[in-house]
1. Just to check I understand the Karplus step: with θ = phi - 60° and J = 6.51 cos²θ - 1.76 cosθ + 1.60, what whole-Hz values come out for the range A:247-253, glycine and proline as x?
2. Mean residue ellipticity at 222 nm from the helices of chain C, using -39,500 (n - 2.57) per DSSP H segment of n ≥ 4 over the full residue count, to the nearest 500 deg cm²/dmol?
3. Using a Gaussian network model on chain A with a 10 Å cutoff between Cα atoms, which of A:229, A:11, A:154 fluctuates the most?
4. Rounded, prolate or oblate, given the Cα gyration tensor of the range B:1-125, with a/c below 1.5 counting as rounded?
5. With n ≥ 4 as the cut-off for DSSP H runs, can you work out [θ] at 222 nm for chain A, using -39500 (n - 2.57) per run divided by the number of residues, rounded to the nearest 500?
6. Working with all protein chains in place, sort A:129, A:46 by solvent-accessible area computed with a 1.4 Å probe, largest first.
7. Let me have the 222 nm mean residue ellipticity of chain B computed from DSSP H runs of 4+ only, each contributing -39500 (n - 2.57), with the sum over all residues rounded to the nearest 500.
8. Using +1 on the beta carbon of Lys and Arg, -1 on that of Asp and Glu, and nothing else charged, what's the dipole of chain C about the Cα centre, debye to 20?
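The values are calculated or read from the model by the stated rules, or taken from the named source; none is laboratory data. It should be emphasised that the depicted structure is a prediction, and the values quoted were computed from it without experimental measurement. Note: ideal-geometry Cβ built from the backbone for every residue, glycine included; neighbour counts use all protein chains shown. The protein model used for the area step is the full one, side chains on, heavy atoms only, and it has no ligands, DNA or RNA in it. Shrake-Rupley method; radii C 1.70, N 1.55, O 1.52, S 1.80 Å.
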Amino acid sequence: MNLRRLVLISVPYLWLVALFLVPFLIVVKISLSTTAIAIPPYTPTLDLAQGWAGFKDFLSQLSFDNFTFLTQDDLYWKAYLSSLKIAALSTLFTLLVAYPIAYGMARVPDEWRPTLLMLIILPFWTSFLIRVYAWMGILSDEGLLNQFLMWLGVISSPLHIMNTSKAVYIGIVYTYLPFMVLPIYAALDKMDESLNEAAVDLGASRLSSFWLVTLPMSRNGVIAGCFLVFIPALGEYVIPQLLGGSQTLMIGKVLWDEFFSNRDWPVASAVAVVLLVILIVPIVLFQRNQQKQQEAES
Amino acid sequence: MAQVKPQIVFDPWNDPEAKPLIECRSITKRFGDFTAIDNINLNIYEKEFFALLGPSGCGKTTLMRMLAGFETPTEGKITIDGQDVAQVPPNKRAVNMMFQSYALFPHLSVWENIAFGLKREHAPKDRIEERVAEMLRLTRLEKFARRKPHQISGGQRQRVALARSLAKAPKLLLLDEPLGALDKKLRQDTQFELMDIQERTGTTFVIVTHDQEEAMTVASRVAVMDAGEIMQIATPADIYEQPNSVYVADFIGDVNIIEGNASPMAGGPEGAINIAYAEGQDPVQAVATTPVAEGEKVFYAIRPEKITVSHQPDPDRANHAFGKIIDIAYLGNISTYRVQLASGKLISATMTNSRRLTRRAFTWEDEVWLSWTRTAGVVLTK
Amino acid sequence: MLKTLIPAALLAMCGTMAAAEEVRVYNWSDYIDESLLKKFEDETGIKLIYDVFDSNEVLETKLLSGNSGYDVVVPTGSFIERQIQAGVFQKLDYSKLPNSKYLWDTIKERTAQYDPGNEYSVNYMWGTTGLGINIDKVKEVMGDDAPVDSLSLVFDPKNMEKLQKCGVMMLDAPTEMIPAALRYLGEDPNSKDPKVIAKAEPVLAAIRPYVQKFNSSEYINALANGDICVAFGWSGDILQARDRADEADNGVHIAYHIPKEGALMWFDQMAIPADAPNPEGALKFLNFMMDPQNVAAASNYVNYANGNKESQKYLDKAVLDDPAIYPDQETMDNLYTVTAYPPKVQRIVTRLWTKVKSGT
C-alpha cells in the first residue's frame, strides 16, 4: 500500500524532474559557460568520462560573467521591462474581453453552454501559426479590417495597425483568450445564482452585487486566467515577430538574437534563466492561489 | 425553547378591522404556457408565522419569490403594508429572504455576511457593530463571527443565514425551506428556535415548506397549496381537524377516506347525514358542515386516532364497523392497526399503548369492532 | 533550444534505424529543380531525403548542437567560415568528386576566403544583394531620374521619404545591411573594426522611419503584388518576384539592379557534416550536383548563378545573359564579399541592428 502511494506520488515528481528540472539545469549550466567555436558552441562542457576530476575541473571553469554582462547593456533590462509591460497590459485587455464572455456563458441556459464552450475551444483546432497569419490578413493596410472600415466610411485612409504594438496586443489577446475565458467561466459556473439574489435581497443593486459578490466569487478564476495569459505572454516570440513592428522590443526576440544571430548560447541561456527567475514569482503566487482555493473547497 | 405563557389569542385574521401586512389580490403567474400560480388571494398579518405548504412544483416558491420581488405577477396585485410593490425592485423592499441554500457569501466572514445588508443601506459604523452583535447573540454565533461559512457546521450556517436576513429588521421575512438541509433531530430543535426568534423579534415570517409536520409546528396559519392554487388557509388545528378537501386531509397526517353517497338522517341533529359506502354495511353517520344534497357523492375523512378498536362495538359511539386486523404497526407509544372490512376496505385505527406489549389486547387475524362518533370525521365534497 | 535539439535527435535515430542506403540533404527552401531529386535516386539507387530550411541561423544551430543527422548541408560562405573552425565539417575527398574539374575558378578563388583551398565545401549557387524595383511606381513617386541603380536610393533619407509612400522593405540581416551601409559611406564593407562598423548606425537609423518592414522573406510577395515598390534583397528572390508578377500579369513590372557602388556577393556552399551518417552517399550527391547538366537545370529553375563553369553551356540563354544573374566582368569586379565577424564583433553588430530597429 505504502509502496503504491510512493509510486503514485513520485510520478508527477519524476515528470517535473524530467521535463522541467533537468532541462533547466542544462540551461543554467550553459549560462555559466563561455562561448567557443566548437560543437557545442560553449565551454566548459561536463565530461563525465573523466569522473570526479572532470566534474571538479568543470565546476572551476564556471563563471557568472554572462549574468554581469546582462546588467551592463541597457538592452536587457529594457527588454525585460518592455516584455513585462506588454504582458501585463495584454493580460489586462484579455481580462476585459474575456470576463463578459465568460459571464455571458455562465448565464445562458444550460443547453447553450456546450456550444459556446465549443466555440471558445474551436480555434485550437487550427494551427496557431495559421491563425496569426490570418490576423496579418485582417490587420494589414490593405487588410479586411481597413477595407471594411473604409467601406463603412468611418475612415478615409487605412489605419496602421499591422507591424505596430497594437497588432501585438490584438494577437496576444486573441491567442490567449480561451485561457482566460475558461477558468473564469468555471468559477462563475460553479457560483450559485442565489448568491446574487441574496445580495440584491439585502439591498445591493445589480451592479454592486456584481462587484461585491460575483467578482470576488470569480476571483480565483480571474487570477488563474491572468497567470495563464501573463506567463506565456512574457516570453512570447512568435506573435511580436509576425504581427509587431521592429520597434516592439520583447525579451523573446532578444533571446532569439543571442541564440541565433550572436551564436552566444551562454548569454542566451543567462537571459532565459533571468526570465525564468522573473516568472517564478508569478508562478509561485499562482500555485499558492490554487492551493488556497483547493483548501477552501474541501 | 418556546415559552408557554398566558397570552391573548393571536388571530388577526378573524378581526375584520385588522389590516393585513401583505395582500395578494388575484395573483396569477405564468411561465410561457405553464401556470405556476393560478388566481391566488391571500392576506398575511403582522407578526404572523405563516406557512406555505405543498408538494414540490405546487407554486409555493414562486409565490414567495413574488413577495421578495424576484418574480413579478403576470396578473394581480401585491401590496405590502398598503403599498403596491409591482414597481419596487427586491433591493428596495422591506422584505428579506432566507434562501434554501442559505446563499451565504463564501468569501465573507460570518460577521461580514450579517453586516452585508446594513452596509448596503450605509448605516453608521457603530450601528452596524451593534446590530451585528445583537444578531450574533440572537443566533448564538458570537464565537464564530470571524469564521468563513465553510468553517462552520450546517446548523451554524443556517443560523448565519437567519441572522443575515433578520439584520435589517425587515417587516417581512421569507424563509425558503429553511430547515430542509438539516438532519431530523437538529430540524426539530431549530423549529422551536425559529418560533422563539420570530416571537422575540416580532417579525412577520412566511415560510415555504413541503414538510407538513414542520408547517404545523411552527406556523400560526398554514396555506396548503396544490398546482398553483391555495386549497385551504387555516390554523394548524383547523387544517388537521377541519380539512376542506380530500387533498388537504390526505396531505396533512394520516387519514381514512370513505367514499359514499349521502342522505339526510331522518330525525338526526342539524346537518346529520348517513353515508352509504358499501353493500351490507351500516352507513356512516356524520355531520356535514355544509348542506349536502340527497344522493350526493361525499368523502368522509376520519383520522386513525379517532377510531377505537375493541372486541365489542362501543355503544357510546354511533358508528361501528366489523373487520379483521391484517397489519399492526407498533410505534412504541402507539400502534396503528390496519383493519379490513367485509367490503375489502382498509381502515387504519390508532390506539395508544397504555399496556405492556405482552398483554396487548389484539393481534393479527383478530376480528374486531371499530367505533367512532358522528363528529369524529369530516364530510368533504371535493 | 531544446526544440531544435529534439527533431534533430529524432532524425538521427531514424537514420540509424533505416536499412536501405539514404542520403539526407538539408538545403534552402525553393532552391532546386525537384526533378533532380528523382534523377539522383534513379541514377544511384540511394534514397534521397530532402529537407529545407530558411535561415542560416537555424541551420547553424542544428549543426552546432551536433548529430544533426544530415549528410549534406548548404550554408552561406560567411557562416561556413566559422563552422569550419568549430569542426562542424569533414574534409572533402576530391578523388571521389570527379566532376569537381568543372568548377569555375573565379568562384573558387572567392570562396577560398571562407574555406581556404575549398577543402570542406564546393559552391552550389551564388548571388548578389541589391535593389528590387517596381519600375512604374518608383517612376511615379521619384520621377524619371530616380537613382534606381545606386545605394543612395535606399540610404539617402531624402529618397526614402518619397519612397515610403509606395513602400520599402529591407532584409532583416545585419550581416547584409551593415556592409551595404558602409559601402555607401565609402568605408570597407568587410571591416571588423567596431569604430568603422559604428558609422553604419546613423545611416541606417536615418532611413529606419521610412522602412515598412525589415524582413528576409516577405518582400518577394510584397514586391510581386505591388504592395511595396522597393526591396533591398537577394537577387534570386527579386527575380522570383519579377517572374511571379509576370505570370500573374498584374501590371507590376519588377527589375533587379546591382548598385553601381558595388554589391555584396554571397556563396551558398555544399558541405558534409563531420558526423554525417553516410559521407560516401553525400559525396555521390555532391558529385551529382557538380554535373554540368544537373546544376544548369537547377540554375535555370531558381534564377541563381552557380559555380560550375562547364554548366554555362547548358544554361537557358535568358539566365546566362541576364546581368542580374551573371553580371558582366566590370560589375563582377565591383562586387565585394564579407567574411565572418569574430564573436565579440558579431555581438556589436547584432546590438547595433537591434538599436537601429527598436531605438534601444
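1. Once θ is set to phi - 60°, the couplings for the range A:247-253 become 7, 6, 8, 9, 5, x, 5 Hz.
2. -13000 deg cm²/dmol
3. Sorting by GNM fluctuation, first place goes to A:11.
4. Taking the square roots of the gyration eigenvalues as a ≥ b ≥ c, the range B:1-125 is oblate.
5. -22500 deg cm²/dmol
6. Heavy-atom accessible area, descending, gives A:129, A:46.
7. Computed ellipticity for chain B at 222 nm equals -6500 deg cm²/dmol.
8. The calculated dipole for chain C is roughly 1240 debye.
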